[in-house]
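The values are calculated or read from the model by the stated rules, or taken from the named source; none is laboratory data. Please read all numbers here as calculations on a predicted model, not as lab measurements. Positions of Cβ are backbone-derived with ideal geometry, glycine not excepted, and every protein chain shown enters the neighbour counts.
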Amino acid sequence: METLTQPKNNVQIIQQAYADFGSGNIQGILDVCTDDIIWTGAENPNVPIAGTFKGKDGVMKFFTTLAESIDYSSFEPKEFFIDKDVVIVLGHHTGKAKKTGKSFDHDWCMIFRLRGEKVYHYYAFLDTRDQAESFK
């Protein structure tokens, strides 16, 4: 007899991705991305994780650069909203740029668009001025 598993809803998929980030399991995040994912945020001079990263290799480059660039003291997704295949997350993060030792502390909004239980588009809104100041 075959056991059928209930598919995860999109909020659960994104919550697990945040848990994977928190535990350093970047492969877990890559596993819920499509091969053609677009991972993006506003262009921001001097901030190495700003801009657009394409495909799973691009997402891996984003997280590798993130680990090399930022020490987080807190990273908190706080509220999750869903509308069909879009998950919007509001949160807060505090950290410092490793290169300068300068801190940032602000709210963020991340939008995940999913197709077939996989993220195909990600966009982050954050305080670009605060982040830029921490990197220069």
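Structure notes:
Matching residues to (1) at pLDDT 95 or above; (2) basic (Lys, Arg); (3) under 17 Å from residue 135 (Cβ atoms):
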{"position": "37", "(1), (2), (3)": "yes, no, no"}
{"position": "43", "(1), (2), (3)": "no, no, yes"}
{"position": "59", "(1), (2), (3)": "yes, no, no"}
{"position": "79", "(1), (2), (3)": "yes, no, no"}
{"position": "95", "(1), (2), (3)": "yes, no, yes"}
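- Criterion violated by residue 131 - all others in (1) in a helix (DSSP H, G or I); (2) in contact (Cβ under 8 Å) with a residue 60 or more places away in the chain; (3) surrounded by fewer than 18 Cβ atoms within 10 Å (Cβ to Cβ); (4) of a type outside the set (Phe, Trp, Tyr) satisfied: (3)
- Residue-level analysis places residue 82 among those that are of a type in the set (A, V, I, L, M, F, W, C), part of a strand (DSSP E or B), closer than 27 Å to residue 35 by Cα and over 16 Å from the mean Cα position of the chain (by Cα).
- Scan of the stretch 30-41 for residues that are exposed (fewer than 14 other Cβ atoms within 10 Å of the Cβ) and touching a strand residue (DSSP E or B) at 6+ places or on another chain (Cβ under 8 Å), ordered by number: 36
Results for (1) out of contact with any helix residue (DSSP H, G or I) (no Cβ under 6 Å at 6 or more places or on another chain); (2) over 23 Å from residue 12 (Cβ atoms); (3) surrounded by 13 or more Cβ atoms within 10 Å (Cβ to Cβ), shown as yes or no for each residue.
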position: 54; (1), (2), (3): yes, yes, yes
position: 63; (1), (2), (3): no, no, yes
position: 66; (1), (2), (3): yes, yes, yes
position: 71; (1), (2), (3): yes, yes, no
position: 92; (1), (2), (3): yes, no, yes
position: 101; (1), (2), (3): yes, yes, no
position: 120; (1), (2), (3): yes, no, yes
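- Qualifying positions in the stretch 62-88 - out of contact with any Lys or Arg (no Cβ under 8 Å at 6 or more places or on another chain), under 20 Å from residue 23 (Cβ atoms) and free of Cβ contacts under 8 Å to residues at least 60 places away in the same chain: 62, 63, 64, 65, 66, 67, 72, 74, 75, 76, 78
- Whichever residue in the stretch 89-127 is among the charged types (D, E, K, R) and part of a loop (DSSP other than H, G, I, E, B) and, among such residues, is nearest to residue 18 (Cα to Cα): 117
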